[in-house]
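See structure below.
Laboratory data are not the source of any read-out in this text; all were calculated from the coordinates shown. Keep in mind the model is a prediction, meaning the values are calculated, not measured. Neighbour counts are summed over all protein chains in view; Cβ atoms, including those assigned to glycine, are modelled from backbone coordinates with ideal geometry.
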Amino acid sequence: MLQALSIETAQVSKKPNVVILATGGTIAGSIDSNIKTTGYTAGVVGVDVLINAVPEIKNLANIKGEQIANIDSADMTDEIWLTLGKRVNSLLASPDVDGIVITHGTDTMEETAFFLHLTIKSDKPVVLVGAMRPSTAMSADGPKNLYNAVALAASPKARNKGVMIAMNDRIQSARGATKTHALNVETFKSPNSGDMGYILDGNVFFNYAPLQPHTRKSIFNIDRIESLPKVDILYSYANDGSGVAAKALFKAGTKGIVVAGSGAGSIHKYQKEVLKSLMQQGLVVVQSSRVGSGIVLANSDDAKLGFIGAHDLNPQKARILLMLALTKTNKTNAIEKIFETY
């Protein structure tokens, strides 16, 4: 019996140690029906319940859980990002932690993932996971997604891949992934780069690793940052008005604006004239696209005026990179270089 116990203890000690940080979302959602997949309340179930609902994950790793927040991810804040990022860095600095899984709502998952992709200082795996259906639904996708996320975070293959999203058996890079469907479980895709890989029965397979700098090779550090510069997004459309929103945002303290332009980042002339004026007063403007895929580069005339192209980052991710860039510099040329690099 003693020999059997010692063997079991040795087997447990060989398993990787994965910490699950919970922030709420649909994966922790609930409604008084096992049929309904809409109209639920997000961020109801706690991290211990999530872990106990998928006991199979304990075969993959030694699991610990922490509750960072319990919100609908539509209500995500800079404060939670900073708290989460600092906690992840603290945990990964320990030799006793081999990987992190973050449960998160899907609405802003890609934003949180990209923020962490640029600010985590470790080569160890960090995986975000969520669900498109609440935990009470008969077709809940959360349990399998969580199992896959733990498998990915526990895999040695996942080291030095940056922050990842594990949804619907697919592995997406935080830089490329975006939510593409309001309700379907096959919602996260990477339009410009494709899937990083996939997970099959707990086995991890990779197609590529991200080329742009991330995690330890990123210049951004949040250890001593208590707040982030204010950056907002404006949407461009036909007969785009007189720039009232841009003026109001700048007056309220906005340091940068990302324009979700039409086509390849085009900005309506009415809006552009206002932005030019505000740029002369210190506003930084980045051109992205509302299209959803493709590359946006400022043309030569716009670049001379200080407009910056977001390259292949969608507006919400361009906003995050601009926020972090503004913690380093407010010089347009330097920020342009950051967008070319990251």
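Rg/Rh for segment 38-135 (Cα atoms only, Rh after Kirkwood) is 0.95. The protection proxy used here, the mean number of other Cβ atoms lying within 10 Å of each residue, ranks peptides 309-316, 197-204 as follows, highest first: 309-316, 197-204.
Look at the dipole of the chain built from charges on Cβ: of A151, S173, S227, the Cα furthest out on the positive end belongs to S227. Under a 5 Å amide H cut-off, with hydrogens placed 1.01 Å from N, Y235 pairs with A260 among residues at least 5 apart or on other chains. Computed from Cα positions, the angle between helix 2-14 and the longest principal axis of the chain comes to roughly 10 degrees. Here, segment 262-342 is characterised by an Rg to Rh ratio of 0.93, where Rg is the alpha-carbon radius of gyration and Rh the Kirkwood radius. Both the radius of gyration and Dmax for the chain are 21.1, 80 Å, in that order, over alpha-carbon atoms.
Compute the distance from the alpha-carbon center of segment 115-150 to that of segment 274-333, in whole Å. Here the answer is 30 Å between Cα centres. On the principal axes of its alpha-carbon atoms, segment 106-189 has extents of 38, 22, 17 Å, going from largest to smallest. Per-residue packing, averaged as other Cβ atoms within 10 Å, sorts the ranges 239-245, 129-135, 265-271, 299-305 into the order 129-135, 265-271, 239-245, 299-305, beginning with the highest. For segment 202-315, the spread of Cα coordinates along the three principal axes comes to 54, 36, 29 Å, biggest extent given first.
From most to least packed by mean Cβ count within 10 Å, the peptides 159-168, 108-117 give 108-117, 159-168.
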